[in-house]
Amino acid sequence: MNRGNDIESIVQDICNLRFFADFTYRSPKYKKADGQEKEAADILVILDSKILVIQIKTKKVKMEGGVLGEIEMRRITSTMEKGIRQFRALAEALQRPDFNILVNSRGVKIEFKRESIKDIILLLIMDPFCEDGDLGQLFRPSRTCMVEEGAEIPLHIFSLHQFHVLASLADTLPDFLQFLEVSWALHSLKLLKPSIDPVDEWKMQTFEKQIISSAVKSMEPLGILGREEEHSNLLMLLEEKEKNSYLIDILIENLSNGVGKNWKIDSRLDKIANLVEPPNSQAANNALIPLLARLKRSYRVEVIKCYLEKVARCRTMPKESSFGGVIFEGFEEGYLLFASRRDFEVVHMDIMAIGWEFCRKNKLKKSICIFGCKVDECDQPLGVLMIEFENDLNLLNFGDFDPQLFDAQEYRTI
């Protein structure tokens, strides 16, 4: 049994599930100046300008009376220190010219553009175990944030159990990275105990925003608030609110699984082939999926809420289609939601025309059009198209779309 390899596989599976296999890279390698091949990290998760660097360490220990003794804790600490030193490999990899193509968990080669990376976050996952198996919740790192004076790169330390729970709570990469960013800030200000359980910290960040804000202003340290029952109730309400948003996650998986499949689409798309990548191609996914994955959970809630509103309207209104849009502050693209009672094969040109006009009216560089067809039979979105705006090409010349209807639709900025 190779414990380290098994735990790496578990962490990779968690990242694939929560942050998507498209952005997860296991054991990426580079060549040192002497030609020796070396791993840059155990796992990298990369989206937009941010890179999460994960090192995983395991250590077999002995339990005495159901607890870890002082000697065993020192051995664990020594192992963690070794893991922290291994982060240096990434710095070396970033200087090597051959570190430019990475293979993600789907087996797809992706060009790595190091110049686009603006933020690096380090995460050490520590997994001590004994003869009887996992320690689970019995082990908690004494420091979950390694805040050192002058340190520029955030470094977090979680047990495997803590990482698993956190990734199921902050279950999009933007949410997870935002949690780490706020945690780093609070620990840097010494507003949290070094040993606080990050799961408790997530609850505070999520449900006690006002208290955290007050602590930052007063510089009074935060304690664990002891409101577990209330937080549990709030968590259930939050999960209910977020339930439909997982249609975005399903859509991303379907896009990845659909590469190479030939779906019958409107032949008129050939006339504007210069605007879009071929449907169901890896190139199309490389452009589309990051723009869906960058949505944090609350944004996915808004997108799907708008889509389901259009489905409900489409089912009751005389016209065969309904559409609306959501624009998020700071994004150069908008998200257009389109529902129709018509067939899949005949709606593409209308979607393209509406998406183009959506960009024009809102001064957007591109629109991500999530659409569903035959909504009387199915309320799940079936596909995504991306329209890049070009002033000199008026897509309203295509399709059956009536631009007079545009102002009657709902659009909201968040």
Subject >> Criterion (surrounded by fewer than 19 Cβ atoms within 10 Å (Cβ to Cβ), at pLDDT 90 or above and more than 22 Å from L364 (Cα to Cα)) met by exactly one of E230, E242, E302, E320 >> reply: E242
**OP:** Identify the single condition in (1) crowded, with 20+ Cβ neighbours inside 10 Å; (2) touching a strand residue (DSSP E or B) at 6+ places or on another chain (Cβ under 8 Å); (3) over 25 Å from S256 (Cβ atoms) that R342 does not satisfy, given that it satisfies every other one.
**Re:** (1)
Subject >> Subset of region 72-83 that is of a type in the set (A, V, I, L, M, F, W, C) and crowded, with 18+ Cβ neighbours inside 10 Å - its residue that is nearest to D175 (Cα to Cα) >> reply: M80
Original post:
Of the conditions (1) farther than 30 Å from P290 by Cβ; (2) surrounded by fewer than 19 Cβ atoms within 10 Å (Cβ to Cβ), M126 fails just one. Which one is it?
Top reply: (2)
**OP:** Taking E357 as meeting all but one of (1) open to solvent by 60 Å² or more (accessible area, probe 1.4 Å); (2) of a type in the set (D, E); (3) over 20 Å from the mean Cα position of the chain (by Cα), write down the number of the exception.
**Re:** (1)
Original post:
Residue check: is E220 open to solvent by 50 Å² or more (accessible area, probe 1.4 Å), of a type in the set (D, E), in contact (Cβ under 8 Å) with a residue 12 or more places away in the chain and outside any helix (DSSP H, G or I)?
Top reply: yes
Original post:
Of the residues that sit in region 143-194 and are in contact with a Phe, Trp or Tyr (Cβ under 6 Å, 6 or more places away or on another chain) and more than 21 Å from I51 (Cβ to Cβ), which one is least open to solvent (accessible area, probe 1.4 Å)?
Top reply: S159
Original post:
Only one of (1) buried (at least 18 other Cβ atoms within 10 Å of the Cβ); (2) modelled with pLDDT under 90; (3) under 23 Å from E390 (Cα atoms) is not met by I289, so which one is it?
Top reply: (2)
Subject >> Pairs with Cβ under 7 Å, 6+ apart, first in region 21-32 and closer than 12 Å to E92 by Cβ, second part of a helix (DSSP H, G or I) and among the small types (G, A, S) >> reply: Y30/A93
**OP:** Identify, by number, the condition in (1) of a type in the set (D, E); (2) more than 30 Å from N257 (Cα to Cα); (3) open to solvent by 40 Å² or more (accessible area, probe 1.4 Å) that E115 doesn't meet.
**Re:** (2)
Original post:
Which of (1) modelled with pLDDT under 95; (2) of a type outside the set (A, V, I, L, M, F, W, C); (3) within 24 Å of I120 (Cβ to Cβ) does K62 not meet, given it meets every other one?
Top reply: (3)
Subject >> Condition met for I110 (β-branched (V, I, T) and more than 25 Å from P141 (Cα to Cα)) >> reply: yes
Original post:
Taking S367 and the conditions (1) touching a residue at least 40 places away in the same chain (Cβ under 8 Å); (2) of a type in the set (S, T, N, Q); (3) open to solvent by 40 Å² or more (accessible area, probe 1.4 Å), which numbered condition does it fall short on, given that it satisfies the others?
Top reply: (3)
Original post:
Within region 331-348, which residues are in contact (Cβ under 8 Å) with a residue 60 or more places away in the chain and out of contact with any Leu (no Cβ under 7 Å at 6 or more places or on another chain)?
Top reply: E345, V346, V347
Subject >> Inter-residue pairs, beta-carbon under 8 Å, first in contact (Cβ under 8 Å) with a residue 40 or more places away in the chain and open to solvent by 30 Å² or more (accessible area, probe 1.4 Å) and in region 199-213, second among the hydrophobic types (A, V, I, L, M, F, W, C) and not in a helix (DSSP H, G or I), 6+ apart >> reply: none
Subject >> Which numbered condition F406 misses (of (1) out of contact with any Gly (no Cβ under 8 Å at 6 or more places or on another chain); (2) open to solvent by less than 10 Å² (accessible area, probe 1.4 Å); (3) modelled with pLDDT of 90 or more; (4) not in a strand (DSSP E or B)) >> reply: (3)
Subject >> Options R313, R268, R297, R342; residue that is over 11 Å from L385 (Cα atoms) and modelled with pLDDT of 95 or more >> reply: R297
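Quick grid of which residues meet (1) of a type outside the set (A, V, I, L, M, F, W, C); (2) surrounded by 18 or more Cβ atoms within 10 Å (Cβ to Cβ); (3) touching a helix residue (DSSP H, G or I) at 6+ places or on another chain (Cβ under 9 Å); (4) in contact (Cβ under 8 Å) with a residue 12 or more places away in the chain:
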site	(1), (2), (3), (4)
D34	yes, no, no, no
D48	yes, no, yes, yes
V53	no, yes, yes, yes
T58	yes, yes, yes, yes
E70	yes, no, no, no
R85	yes, no, no, no
**OP:** Please specify each residue of region 187-200 satisfying the condition of being in a helix (DSSP H, G or I) and under 16 Å from I211 (Cα atoms).
**Re:** H187, D200
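The values are calculated or read from the model by the stated rules, or taken from the named source; none is laboratory data. All values derive from a computational prediction rather than experimental measurement. Virtual Cβ from ideal backbone geometry, glycine too; neighbours counted across all protein chains shown. Accessible surface areas use protein heavy atoms only, side chains included; no ligands, DNA or RNA. Shrake-Rupley method; radii C 1.70, N 1.55, O 1.52, S 1.80 Å.
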